[in-house]
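**Student:** Once you've had a glance at the structure underneath, I'll fire off some questions.
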Amino acid sequence: MDHTSAATGQLHAVLVLAGSSGGIGAHVRSLAQGLSAHGLEVTVCGPAETDGLYGFSAAGARFHPVEITPTPGPRTDAAAVGELRRAFTRATLVHAHGLRAALLSDLALRTARTGTGTPLVVTSHQANLATGMERRVLRLMERRVARAADLVLGVSSDLVARARTLGAADARLSPVAAPPLPGPAPAGRREEVRRQLIAAGDGAGGDSAAGSGAGERPVVLAVGRLVPQKNFHLLLDAASGWRAGGWPGGAEPLVVIAGDGTEQEALQARIRTERLPVRLLGHRTDVPELLAAADVVVISSRWEARSLVAQEALRAGVPLVATAVGGLPELVGDAAVLVPPGDRAALADAVSALLADSARHAELAVAGPQQAATWPDEAATVAQVLSIYDELTTAADR
């Protein structure tokens, strides 16, 4: 069976994602760009807004809008399946990212293909963190996807193990690489950004360190969607214990959180009510500059795979304190400080100790880039995916 596009003679990969403002979109864009550069015809299917967010069209792919909603709905799902069937007409292979995209892609292939044998690859990016009945329903969906896919790729080892437990015929590790950071900021930019952050933070949330200089007050940075998985309430719990008396010159750390999401109002209410030394920055496009201005980066999540923020922090040589969850321990090795998930005291103590120990801080600043050098880069990730596509389409042609 010939799995090249009849129109172009190229292999035609269709990448599918649901709405996402996190690492999934960045990963799909990286794949779209890399696969296109290697001569594949690439179509990306996802909600219309995702093309604006990630620039799939600018990365060399054709974009086919498909409104895949976060939650199931008979009418919206039926419309999405219809659009996916149209997008899959000339597909050599379909590669779905995330559970919702995978479920609808499988349904579209099953109802459209009559023995065409178009391979389905699914990349699992997230753990099932739901509870109660929702968790059981999601597990049933996960099992269906795992058994339907020709291959499941897990972005961390725990996701690969879970796919095998759920019945995947073939499951493999496929790490997601963070995009490369831009070059060094102009001289003096770090201190300029620090001054801006601290000036805006002084007085916000009732900070007691107003007036401290940019070089005196530590800046603790967190980046991510303001959603329960990221557990920023734990970071606020830790920050509530940082009072002026224990810091040189009374300069308690300023916590800045870059991101937006459903928990923004609740977090802001806590900051205001408890007068916490925390500032919500909202969505930011200058994360590299924020990293350069930070003394420590914190990840307080309930679960992460290969966190892009962790990768960026270590690459930039910014010491990282993170919860020991999901794929984070295998990602960072000994180049970061890991604490038990949900442990407010452990998180607060780890950050405090790191800020107070200049030697340990310097040690981690060196260890981070060294650890990052061991990770596969975007080119290696694309090469692995290309090899997988070739393997699956060759098998399908036999």
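Every read-out reported here was derived from the displayed coordinates using simple, explicitly stated rules and does not represent laboratory data. Note that the structure is predicted; figures quoted are calculated from it, not measured. Here the Cβ positions follow ideal geometry from the backbone for every residue, glycine too, while neighbour counts run over all protein chains shown.
**Student:** Would you mind pulling out the separation of the Cα centroids of segment 337-382 and segment 74-110, in Å?
**Tutor:** 39 Å
**Student:** Okay, moving on. Would you mind getting me the FRET efficiency between Ser358 and Thr394? Use the beta-carbon distance for r and R0 = 41 Å, nearest 0.05. Write out the running numbers ahead of the final one.
**Tutor:** On the way: r = 56 Å, r/R0 = 1.36.
Efficiency computed from Cβ-Cβ geometry: 0.15.
**Student:** In whole Å, what three semi-axes, largest first, describe the equivalent ellipsoid of the chain built from its Cα gyration tensor (square root of 5 times each eigenvalue)?
**Tutor:** Values: eigenvalues 344, 89, 72 Å².
They are 42, 21, 19 Å, listed largest first.
**Student:** What translational diffusion coefficient, in µm²/s and rounded to a whole number, does the Stokes-Einstein relation yield for segment 328-374 at 25 °C and a viscosity of 0.890 mPa s, taking the hydrodynamic radius as the Kirkwood radius over Cα pairs?
**Tutor:** Numbers: Rh = 11.5 Å.
Approximately 214 µm²/s, per Stokes-Einstein.
**Student:** Can you tell me what share of the DSSP beta bridges in the chain is antiparallel? A percent to the nearest 5 is fine. It would help to have the intermediate numbers written out before the result.
**Tutor:** Details: 2 of 44 bridges.
Expressed as a percentage, antiparallel bridges in the chain total about 5.
**Student:** Please turn the phi angles of segment 146-157 into ³J(HN,Hα) values with the Karplus equation 6.51 cos²θ - 1.76 cosθ + 1.60 (θ = phi - 60°), one per residue in order, whole Hz, x for glycine and proline.
**Tutor:** 4, 7, 7, 6, 5, 7, 10, 9, x, 7, 9, 5
**Student:** Taking 0.36 nm per intervening residue step and subtracting the Cα-Cα distance, what contour gain separates Ala269 from Val366 on full extension? Numbers along the way, then the final one.
**Tutor:** Details: separation 97, 0.36 × 97 = 34.92 nm, distance 3.77 nm.
Result: 31.2 nm gained on full extension.
**Student:** Given an 8 Å cut-off on Cα distances and at least 6 residues of separation, report the relative contact order of segment 189-372 as a percent. If you can, show how the numbers build up before the last one.
**Tutor:** Working: 354 pairs, mean separation 41.3, N = 184.
22 percent.
**Student:** Based on DSSP H runs of at least 4 residues, each adding -39500 (n - 2.57), what is the mean residue ellipticity at 222 nm of the chain after dividing by all its residues, to the nearest 500 deg cm²/dmol? Could you put the intermediate results ahead of the total?
**Tutor:** On the way: 15 runs with 177 residues, N = 398.
Roughly -13500 deg cm²/dmol at 222 nm, from the helical runs in the chain.
**Student:** Could I ask something else about it? For the chain, take the longest principal axis of its alpha carbons; what is the angle in degrees between that and the long axis of helix 189-201, to the nearest 10 within 0 to 90?
**Tutor:** Orientation of helix 189-201: about 70 degrees from the principal axis.
**Student:** Moving on to the next point. Counting only C-alpha contacts under 8 Å and six or more residues apart, can you give the relative contact order of the chain as a whole percent?
**Tutor:** So the answer I get is 13 percent.
**Student:** Sticking with this one: Run through the DSSP bridge list for segment 189-372 and note the antiparallel percent, rounded to the nearest 5. All intermediate terms of the calculation are to be shown ahead of the outcome.
**Tutor:** Working: 1 of 18 bridges.
Here the antiparallel bridges make up roughly 5 percent for segment 189-372.
**Student:** By the scheme Lys and Arg +1, Asp and Glu -1, what is the net charge of all other residues having a beta-carbon under 13 Å from that of Gly368? Don't skip to the end; give the middle numbers.
**Tutor:** Values: positive: Arg315, Arg360; negative: Glu312, Asp334, Glu363.
Net charge in that neighbourhood comes out at -1.
**Student:** Separate question: Test of understanding: what is the full-extension gain from Thr89 to Leu140, defined as 0.36 nm times their sequence separation minus their Cα-Cα distance?
**Tutor:** Numbers: separation 51, 0.36 × 51 = 18.36 nm, distance 2.83 nm.
That works out to 15.5 nm of additional length.
**Student:** How would you rank 226-233, 322-329, highest first, on the average number of other Cβ atoms within 10 Å across their residues? The partial results should precede the final answer.
**Tutor:** Details: 226-233: 20.0, 322-329: 21.9.
Ranking the peptides 226-233, 322-329 by packing returns 322-329, 226-233.
**Student:** Listed highest first by mean packing, meaning other Cβ atoms within 10 Å per residue, what order do 358-367, 153-162 come in? List each step's numbers first, then the result.
**Tutor:** Numbers: 358-367: 14.1, 153-162: 21.1.
Going by the mean number of other Cβ atoms within 10 Å, highest first, we get 153-162, 358-367.
**Student:** What would the Debye formula give as log10 I(q)/I(0) at q = 0.10, 0.13 Å⁻¹ for the alpha-carbon point model of segment 189-372, no solvent?
**Tutor:** Those come out to -0.33, -0.58, one per q.
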